[in-house]
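Visitor: Encoded as structure tokens, here's the structure I'll be asking about.
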Amino acid sequence: MIEFKLKKNRIFVTRNGDNYQKMKTGLVLEGGGMRCLFTAGILDVMMENDIKVDGLVGVSAGALFGCNYVSRQAGRALRYNIRFRKDPRYMGWRALLKTGNIVAPRFSYHTLPYELDVFDFETFNNSNVEFHLVATDAMKGTPVYKIIKEMNELGMEWMRASASMPIVSQAVEIDEMKLLDGGITDSIPLKYFQEQGYERNLIILTQPKGYYKKKTKLMPLFHIFERQHPKIIKRMACRHQMYNDELTFIATEEKKGNTMILCPDRPLNIGRTEQKEKKMRQVYELGRTCALQNIDKMRDFLAK
């Protein structure tokens, strides 16, 4: 006789007095601006094929696109980015000159999700998928991890904070903190998610296998535009080391069998704020192709 018990989103199976525990499964989504349309392609295939996880942690655009997985809105990330790609209210240098942010805050995080391409707040808020994101405390230079239990205007501000790229964004003030992009301090937060109890994790990267980050050439700009945030300057000077250490860590975890990595098979030829429709669709389709090629592996990995 087999008895099933549900406890804190984990399934315990009792067979002849023995307990078996199904591991909590997670999605770890790195950022990368429009490279994350690759991620969106994978997530849409997962939704279309009812491939589920217990929790998700997103960084920057990984959080912006990953929230649609929790709200079950396949196709939304690509749709609104194409629809508003030429809209000066949305993203680009005109938005930067007008608002001080390369992604205009009011339009992108309030008008768009509430009025123009409506985010399914009800489905998100009732979901069993736990949604985490990463931002960076600009004054301390440390990562800030946030669980969004209810998506609302404050939740949208946390999303904006996670994706506020330095130099081209103003810090977002929440709970007496000044917050910037989470990728500055924790680009691939697998270790964090493991600490939250997620033992089996699917990681979606937006750089190909074998990629290693080099030191940024923009340090002179950081010294000019982030001089009020000296800890951010310090972090950016060694961000490549942090990122490469995280790549080494996830490769080690993959060998242990508790981590599965999906990534593009070649560099994604798209800028962080790219607005060319052809490139956007190409990157998205590369994600879909990757997911379809690995769909059985994903099912098997997440089912263990």
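Visitor: If you roll a 1.4 Å probe over the heavy atoms of the protein chains, what accessible area per residue do you get for the chain, in Å²?
Guide: That works out to 49 Å² per residue.
Visitor: Who wins for biggest fluctuation among 265, 137, 120 in a Gaussian network model of the chain, springs between alpha carbons below 10 Å?
Guide: 265
Visitor: So, by mean Cβ neighbours within 10 angstrom, what's the order for 184-196, 267-279 with the highest one leading?
Guide: Averaged packing, sorted descending, gives the order 184-196, 267-279.
Visitor: Under the Kirkwood approximation for Rh and a Cα-based Rg, what ratio Rg/Rh is obtained for segment 19-171? Don't skip to the answer; put the middle values down first.
Guide: Details: Rg = 15.5 Å, Rh = 15.9 Å.
Answer for segment 19-171: 0.97.
Visitor: At R0 = 35 Å, how high is the FRET efficiency between residue 48 and residue 140 if r is their beta carbon distance? Nearest 0.05 is fine.
Guide: Working: r = 41 Å, r/R0 = 1.17.
The formula returns an efficiency of 0.30 here.
Visitor: Considering the chain, what Rg and Dmax in Å follow from its alpha-carbon atoms?
Guide: Radius of gyration, then largest Cα-Cα span, for the chain: 19.1, 68 Å.
Visitor: Can you list the GluC sites (Glu not before Pro) in segment 54-154 that are in a DSSP coil and have 15 or fewer other beta carbons within 10 angstrom?
Guide: In loop regions of segment 54-154 (DSSP not H, G, I, E or B), the sparsely surrounded GluC sites (Glu not before Pro) are 150.
Visitor: Going by alpha carbons, how many degrees (0 to 90, nearest 10) lie between the helix axis of 37-48 and the longest principal axis of the chain?
Guide: The angle comes out near 30 degrees.
Visitor: Follow-up question, since we're still on this one. Probe radius 1.4 Å, ligands and nucleic acids ignored: give me the carbon and sulfur share of the accessible area of segment 116-232 as a rounded percent.
Guide: Roughly 50 percent, rounded to a whole number.
Visitor: Also: Taking only DSSP H segments of four or more residues, each worth -39500 (n - 2.57), what value at 222 nm results for the chain once the sum is divided by all its residues, to the nearest 500 deg cm²/dmol?
Guide: -11000 deg cm²/dmol
Visitor: Could you tally up the Lys pairs in segment 199-304 with alpha carbons closer than 23 Å? Skip any pair fewer than 8 positions apart unless they're on separate chains.
Guide: 19
Visitor: Using the alpha-carbon centroid of each, what span in Å lies between segment 245-304 and segment 25-104?
Guide: Using only Cα atoms, the two centres lie 14 Å from each other.
Visitor: When the Karplus curve 6.51 cos²θ - 1.76 cosθ + 1.60 is applied with θ = phi - 60°, which whole-Hz ³J(HN,Hα) does each residue of segment 82-91 get, with x for Gly and Pro?
Guide: So the Karplus estimates, Gly and Pro as x, are 6, 4, 10, 4, 9, 7, x, 6, 9, 8 Hz.
Visitor: Assigning unit charges at the beta carbon (Lys, Arg +1; Asp, Glu -1) and nothing else, what dipole magnitude in debye, to the nearest 20, does the chain show about its Cα centre?
Guide: I would put it at about 920 debye.
The values are calculated or read from the model by the stated rules, or taken from the named source; none is laboratory data. Quick caveat: nothing in here was measured; it's all calculated off a predicted structure. Methodologically, a virtual Cβ is constructed for each residue, glycine included, from the backbone with ideal geometry; neighbour enumeration extends over all protein chains shown. When the accessible area is computed, the model is the full protein with side chains, heavy atoms only, and any ligands, DNA or RNA have been set aside. Shrake-Rupley method; radii C 1.70, N 1.55, O 1.52, S 1.80 Å.
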